[in-house]
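Remarks on the structure that follows.
The values are calculated or read from the model by the stated rules, or taken from the named source; none is laboratory data. This structure is a prediction, so every number in the text was calculated from the model and none was measured. Reconstructed Cβ throughout: ideal geometry from the backbone, glycine too, with neighbour counts over all protein chains shown. To get the accessible areas, we keep the full protein, side chains included, count just its heavy atoms, and leave off ligands, DNA and RNA. Shrake-Rupley method; radii C 1.70, N 1.55, O 1.52, S 1.80 Å.
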Amino acid sequence: MLGYRRVLIAATAGRRLIGWSCPFSRSERCRVVHSSSSLDRQDTPQEGTSLEKNMKSNLEKDFSPEQREVLLRLLNTASESQLDCVKELQGKKAASIVQYREQYGPFPNLDTLRSVPNFHTPFIYRLCLSILSLNDRTDPEVIAKFLKPDIPVCRLQEAESIISIVFGLRKLAWAHVDRSLTVREWQQKECFHLVKGKHLPEVYLETISSVVSVLPQADYYILEKPSVSSQNTSLFPVVLHLRTVEAMLYCLLNPRIGEEKEQRVFSMNRSTVGKHFEIMVGEARTSGVEVVQRLIAEASIAPKPRVTFPPELLRQYHQQLQPRGQNRYEEMCDALLQAVTCYELALF
């Protein structure tokens, strides 16, 4: 992502027009003109007040119609998790945008942003520049912050397919999804019988290797980050189990040292998926089974569903995911939602 200071320096030096590409349409090119030639220096209180009044009067004028369309489209349609990807909106500010929209409706113009709590004019300018700097998603400096270790967004956009992996105490599930959001393969295996016994590394290696051997080839592998806290000593066996599985998957799915340097295995927090699909209750994420059932139902009837399934497997998944006692296929559903979240945030 282009740094804010870098943008201001370029604008201050010669008041040049800066080119941007729209995140929603690669063919659109946007341009910004900055009227102030001293934004990068310290202002006196009187100068600061004068500058803010000038910015307030020119907020709509300093952005072209194309830019205003891009900015308002993002601010009016993006979910809280998508807004949180913008540096200036991380934390409570993204939630403030969503709360304002729910209460008053979409923003009709940029000036309306001043009605959001703590959204003063200089901040709105920085926010607009930050959003526009995200327009060129092929910039290698634009990092997918929802994955660890860091990876440029452009690499995810170019990926032909990814495999999302979620594991629990007994099951390991995976969803193989391509960039058109078509599910190529979607399975789970009950393969861990180790929690009550000893945590022998060789047993883990044999068990997880047998799963990895049947996984299809993909560009990247996305693992759900274990969310159990190690501070609770009573849960230490659970934490040890989850961390061991995670470490084994990282080792087995990444290329050997010397063969290839590119990282292929990444982790994503459960809360990222929960916020994206709005299935959070406070700080905890709820079940995603009902969400997946709706995605499957939509794929059966909608002409352009959010997720596409192979016709021969759609009926199988529909029957398989009907609740039957305690077997609700939680890990399997979480694996699919994680894959969809990864792609939708990358293509945002």
Exercise. Looking at this structure, is residue 77 open to solvent by 20 Å² or more (accessible area, probe 1.4 Å) and at pLDDT 80 or above?
Worked result: yes
Seminar exercise, completed: Quick count over segment 268-320, residues being among the polar types (S, T, N, Q), in contact with a Leu (Cβ under 9 Å, 6 or more places away or on another chain) and closer than 21 Å to residue 342 by Cα, is 3
For this session: Pick out, from segment 233-345, the helices (runs of 4 or more DSSP H) lying fully within it that include 2 or more residues that are surrounded by 13 or more Cβ atoms within 10 Å (Cβ to Cβ), modelled with pLDDT under 90 and over 25 Å from the mean Cα position of the chain (by Cα).
Result: 236-253, 311-320
Exercise. Among all residue pairs at least 6 apart or on different chains, which show Cβ distances below 7 Å where the first residue, located in segment 59-87, is within 16 Å of residue 123 (Cα to Cα) and the second is open to solvent by less than 40 Å² (accessible area, probe 1.4 Å) and hydroxyl-bearing (Ser, Thr, Tyr)?
Worked result: 59/121; 86/130; 87/130
Problem set entry | segment 176-187, residues that are assigned to a strand (DSSP E or B) and under 17 Å from the mean Cα position of the chain (by Cα) | 177, 178
Exercise. For residue 106, all conditions in the list (1) in contact with a helix residue (DSSP H, G or I) (Cβ under 7 Å, 6 or more places away or on another chain); (2) closer than 22 Å to residue 345 by Cα; (3) open to solvent by less than 10 Å² (accessible area, probe 1.4 Å) hold save one; what is the number of the exception?
Worked result: (3)
Exercise. Restricting attention to segment 188-232, which residues are at pLDDT 90 or above and part of a loop (DSSP other than H, G, I, E, B)?
Worked result: 213, 214, 215, 216, 217, 218, 219, 225
For this session: Collect the residues in segment 133-150 that are open to solvent by less than 30 Å² (accessible area, probe 1.4 Å) and either modelled with pLDDT under 90 or farther than 23 Å from residue 216 by Cβ (or both), keeping them in residue-number order.
Result: 133, 134, 135, 137, 142, 144, 146
For this session: Return yes when residue 71 is at pLDDT 85 or above, aliphatic (A, V, I, L, M), buried (at least 20 other Cβ atoms within 10 Å of the Cβ) and under 24 Å from the mean Cα position of the chain (by Cα) and no when it is not.
Result: yes
Exercise. Among the residues of segment 87-94, is there at least one that is open to solvent by less than 30 Å² (accessible area, probe 1.4 Å) and either among the acidic types (Asp, Glu) or assigned to a loop (DSSP other than H, G, I, E, B) (or both)?
Worked result: no
